[in-house]
1. Solvent-accessible area per residue for segment 116-271 at a 1.4 Å probe radius, Å²?
2. In Å, what Rg and Dmax follow from the Cα atoms of segment 88-176?
3. Just to confirm, what accessible area per residue do you get for segment 50-105 at 1.4 Å probe, in whole Å²?
4. Specify whether the C-alpha gyration tensor of segment 14-59 places it in the rounded, prolate or oblate class, a ≥ b ≥ c being the square roots of the eigenvalues: rounded for a/c under 1.5, otherwise prolate if a/b is larger than b/c and oblate if not.
5. What 222 nm value per residue comes from the helices of the chain, counting each DSSP H run with n ≥ 4 as -39,500 (n - 2.57) and dividing by all residues, nearest 500 deg cm²/dmol?
6. Enter the Cα centre distance for the pair segment 34-73 and segment 3-22, rounded to the nearest angstrom.
7. Can you give me the C-alpha center-to-center distance between segment 213-252 and segment 101-158, rounded to a whole angstrom?
8. Ignoring ligands, DNA and RNA, what percent of the 1.4 Å accessible area of the chain is carbon and sulfur?
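The values are calculated or read from the model by the stated rules, or taken from the named source; none is laboratory data. It should be emphasised that the depicted structure is a prediction, and the values quoted were computed from it without experimental measurement. For neighbour counting, all protein chains shown are included, and Cβ atoms are generated from backbone atoms with ideal geometry for every residue, glycine included. Keep in mind that these areas ignore ligands, DNA and RNA; they rest on the heavy atoms of the full protein, side chains included. Shrake-Rupley method; radii C 1.70, N 1.55, O 1.52, S 1.80 Å.
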Amino acid sequence: MARNIFRGLGIALITPFMEDGSVDYKSLIRLVEYQMANGADFFCILATTGETPTLTAEEKLKIKDLVVSLVGGRVPILMGCGGYNTAAIVEELKTGNMKGIDGLLSVCPYYNKPSQEGLYQHFKAIAAATKLPVVLYNVPGRTGVNLKAETTVRLAHDCTNIVAIKEASGNLEQVDEIIKNKPRTFDVLSGDDALTFPMISCGAVGAISVIGNALPKEFSKMIRLQMKGEYDSARKIHHRFIDLFSLLFVDGNPAGVKAMLHEMGYIQNVLRLPLVPTRISTLQRMSEIMKELKI
């Protein structure tokens, strides 16, 4: 039976771009090294925050191999592998290069809006097509469909290599229901930076974080304090970043965190269409808060 090794602070890794729109591999190396040195417990690559739908197959492979090489087995690597065509995902899992990858993050099918039974059969087929641990990803704000708690728990019981869920429904009652009814070997991870503190308080074991790209030391400290039961100290960190949490997503993800990383001097503030940089007013407010927080 597979076990979940994705705990603590997971970085939902961005893809830096040059001014001409090409992948900035030098900045990517610098970012990964910065995050490794400041508390990252695992990496989540080639997923939503990485603007993966805009990457070519060649770019995806190069990014995957680069991160695997940089990390060198020091922490686990979770890789995005999902979509709305079950057969295509199964084929990718059977033929794709998974060397150096420790698990797969698979988002709910989007656009075609399957039923709960359709979601169950979709993820069951994905789990059967790989020996790697699978982390489900529920983000109804993006996919248009919610993976309900009972379906999540059913998958957790029936598929031995489905080991966790990245929950980004924003529904703490649903999160609590999963944690209450899940098998012991299955974990919940926060998929929403602003809700990481309450979710860990409910029993989640970590987060796949956007803000962790820029502030891995601070965010990992909050998670570690909570896991040790030091809730008052962790709450102070959570409250310190509340304004930043909202600004990071007001103009879409990863526009906010890319603007933040640009202000910190790590990357160019470039996204690939259809995504565009955050508004000047958002950037100015973010810059003010960062100065107040001495970031």
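1. Values: 5930 Å² over 156 residues.
Each residue of segment 116-271 exposes 38 Å² on average to a 1.4 Å probe.
2. Cα radius of gyration and Dmax of segment 88-176 are 12.7, 39 Å respectively.
3. 50
4. Numbers: a/c = 2.71, a/b = 1.48, b/c = 1.84.
The shape class here is oblate.
5. Working: 13 runs with 135 residues, N = 295.
Computed ellipticity for the chain at 222 nm equals -13500 deg cm²/dmol.
6. Centre-to-centre distance over Cα atoms comes out at 5 Å.
7. Result: 27 Å between the Cα centres.
8. Values: 6610 of 12980 Å².
Ligands and nucleic acids excluded, carbon and sulfur give 51 percent.
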